[in-house]
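Worksheet for the structure shown next.
Any read-out appearing in this document is the output of simple, stated calculations on the displayed coordinates, not a laboratory observation. None of these values were measured; they are calculated from a predicted model. Please note: Cβ atoms are built from the backbone with ideal geometry, for glycine as well, and neighbour counts cover all protein chains shown.
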Amino acid sequence: MSSVRFAPARRLRGEVVAPPDKSISHRAALLGAMSAEPVRISNYLRAADTLSTLRALRAVGTLVEEHADAVVVRGSGLREAREPGGPIDVGNAGTLMRLLPGWLAAQEGRIFVLDGDSSIRRRPVDRIAAPLALMGAQIEASGGRFPPFVVYGTRLHAITYELPVPSAQVKSCILLAGLGADGTTSVVEPVPSRDHTERMLAGAGVAVQRDGRAVRVTCTDELDAQSLVVPGDVSSAAFMIAAGVLVRGSRLLVRDVGVNWTRTGFLRILERMGAIVIGGLEAPAATVAVSEPVSDIDVTAGPLQGTVVEPAEVPLAIDELPLVALLGCFAEGETVVRGAQELRVKESDRIAGVVEGLRGLGATIEATDDGFVVTGAGGGGLRGGVIDARGDHRMAMLGAVAGLASQEGVEVVGMEAAAVSYPGFAEDLARLA
C-alpha cells in the first residue's frame, strides 16, 4: 500500500472536469451487451471497477472495442449470453456483482459462476438472490449469502417485489431480469433511489412505467441502445466540491457534472448546511426521463451549520455520506445521519471506517447502528494525522480532502484505492491547490 500526505491548503482555485460516472458506465456497458446492435459509449470511465465490467462481458461472449474517445460494445442480445469456461471475475465491482445476475438469470440452460476479490467475498448477494428466486431463478451462494455464487439460467416469470430497503442495485437487477421474464415485472421502492437504469432502458425502447413508488417493465424482445454518453460523476465531483467548501478562500468550477435529481442529495444537504453551490440541478419528474442532465457546478466556501440527514435522503446521497461526516467536523452544532445501515456493506464498513478514521484526526464523532453523530468544532475542524483507506476508494479520497482542510495535514495509507473510481484524483487536487 502507498501512503500519500496531503498538506493543509491555503485555498483552492480553478476548474476541474468531473471524471465519467461509474454507475452509468457499468450500466451502459451492460445494456450494450444486451442490445441487438453495436452500442457506442462515449466518455466511458477507465477505472478498475468499470474495466472489470468490460472483462466480465467479454467472458460471456460480448465483443468490446476500446478506442481513445469511446468504447464500442457488440453484444449477443437479451437471451444469447455465452456460458463462460470458468468463473466470471467481477474484481471489486459491487454494482457489477449485483446487476449482471439479472441478465444472466434469463439465459436458459446456461450456468454462470461469479467471484471477485477479498472485499467482494464479504459483500452479501442475498438481496438479489431472493427476488430472482421468486422469478424462478436458482442462485447458490457461499454460506447462503456471499460470493463466489452460481447463477443457473432458466425461464423467468414476472413478479411484483417490494424492496425491504431502498437499493438502486437490487432494483436494477430485478428490472434487467424482468426484460426476459414472462409478463410485467414491478419493483416497489420504499423511497426513491438512483434511476439510471430506468432512463437507459427507456432510451433503448423499453416501455418503462413509473407509478408512485412502483417501476414496471414488460418482457422485451430486444434492446436498441445505439449510442450513449456518460456524464461526469457527481459522486466523484463531490470530493472536489467538499474541498472547495472546507478550504477557506476557495472558488472552484466543476464542469460537466451529471445532476440527475436521484444523485444530487448531497448537494441539497450541503446547501442546507450553508455552503454556496450553484448549478443546474434537475427537479423530480412524474415520468421516466430518457436522458441524463449535465451542468457545471460553482462552489464557494462558507460557514457551516450542523444538520440531520433523515432515512429518506440516504439513497440519494449514499456514496457521499462520509463527506457529510467530514463537513460536520467543521460545522457549528451536531450533524446526524440516520437510516444509513447500507454503509456497513460497501467496499468496507464505511460507518466504522469513517468514525475511526475521523476520530483519529481529532473529530468528535460516534457511530450508531445506522449512521453517526458528529459534534462540530466550527472553524477549528480537524487536527490531522493518519487515516487508513481500508482498500476503499471513497475513504482514500475522504482522507485527502480532510488533509487539505486540516491544521497539520493527513497521511492517507492506501491512497491507490482512489483509482477504483477516480484515477486522476490526487493530481487534480494538487493542481487546484
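Starting from the Cα-Cα distance between Ala312 and Ala289, subtract it from 0.36 nm times their residue separation and give me the gain in nm to one decimal. Fully extending the segment from Ala312 to Ala289 adds 6.1 nm. Tell me the mean residue ellipticity at 222 nm calculated for the chain from its helices only (DSSP H runs of n ≥ 4, each -39500 (n - 2.57), averaged over every residue, nearest 500). Result for the chain, helices only: -9000 deg cm²/dmol. If I fit a long axis through the Cα atoms of helix 350-360 and take the longest principal axis of the Cα atoms of the chain, what angle between them do I get, 0 to 90°, rounded to 10? The angle comes out near 20 degrees. A Förster radius of 22 Å, combined with the Cβ-Cβ distance separating Glu83 from Asp221, puts the computed FRET efficiency at roughly 0.50. The relative contact order of the stretch 22-229, computed from alpha carbon pairs under 8 Å that lie at least 6 residues apart in sequence, is 22 percent.
When only Cα pairs under 8 Å and 6 or more residues apart are kept, what is the percent relative contact order across the chain? For the chain, the relative contact order is 18 percent. Ranked by the mean number of other Cβ atoms within 10 Å per residue, highest first, peptides 131-142, 34-45 order as 34-45, 131-142. Computed about the Cα centre, the dipole magnitude for the chain is approximately 360 debye when only Lys and Arg (+1) and Asp and Glu (-1) carry charge, each at its Cβ.
On average, how much area does the Cα convex hull of the stretch 365-433 cover when viewed from any direction, in nm²? About 5.4 nm², averaged over all directions.
Applying D = kT/(6 pi eta Rh) to the chain, where Rh is the Kirkwood radius over alpha-carbon pairs, T corresponds to 25 °C and eta to 0.890 mPa s, the Stokes-Einstein value obtained is 113 µm²/s. For the pair the stretch 1-52 and the stretch 67-105, the centres of their Cα atoms are 17 angstrom apart. Its Cα centre serving as origin, the stretch 241-386 has a Cβ charge dipole (Lys and Arg +1, Asp and Glu -1) of approximately 400 debye. Within the chain, DSSP assigns beta bridges of which about 65% are antiparallel (rounded to the nearest 5). The protection proxy used here, the mean number of other Cβ atoms lying within 10 Å of each residue, ranks peptides 82-89, 413-420 as follows, highest first: 413-420, 82-89. Working note: Karplus 6.51/-1.76/1.60 with θ = phi - 60° gives the stretch 283-291 the couplings 9, x, 10, 7, 10, 7, 6, 10, 9 Hz, where Gly and Pro are set to x. For the chain, modelled as a GNM whose springs connect Cα atoms under 10 angstrom apart, the maximal fluctuation among Asp182, Asp69, Asp21 occurs at Asp69. With the simple spin-label model, which puts each label point 7 Å out from Cα in the Cβ direction, the Arg248 to Asp370 separation comes to 3.8 nm. What shape does the stretch 22-229 take by its C-alpha gyration tensor, where a ≥ b ≥ c are the square roots of the eigenvalues and a/c under 1.5 counts as rounded, a/b above b/c as prolate, and the rest as oblate? Verdict is rounded for the stretch 22-229.
For the chain, the longest principal axis of the Cα atoms and the long axis of helix 22-34 meet at an angle of about 10 degrees.
In this rough spin-label picture, where each label sits 7 Å from Cα along the Cβ direction, the Asp298-Ser2 distance is 3.5 nm. Looking at the stretch 22-229 alone, DSSP beta bridges between its own residues are antiparallel in about 70 percent of cases.
In this calculation the C-beta distance from Asp211 to His67 is compared with R0 = 45 Å, giving a FRET efficiency of 0.65.
Which one, Ala204, Pro87, Ala106, projects farthest toward the positive side of the charge dipole computed for the stretch 22-229 from Cβ point charges (K/R +1, D/E -1)? Working it through, the farthest residue towards the positive pole turns out to be Pro87. Segment Arg13..Ala352, full-extension length gain: 118.8 nm, with 0.36 nm per residue of separation and the alpha-carbon distance subtracted. Treating r as the C-beta distance of Ile278 and Ala430 and R0 as 30 Å, the FRET efficiency rounds to 0.75.
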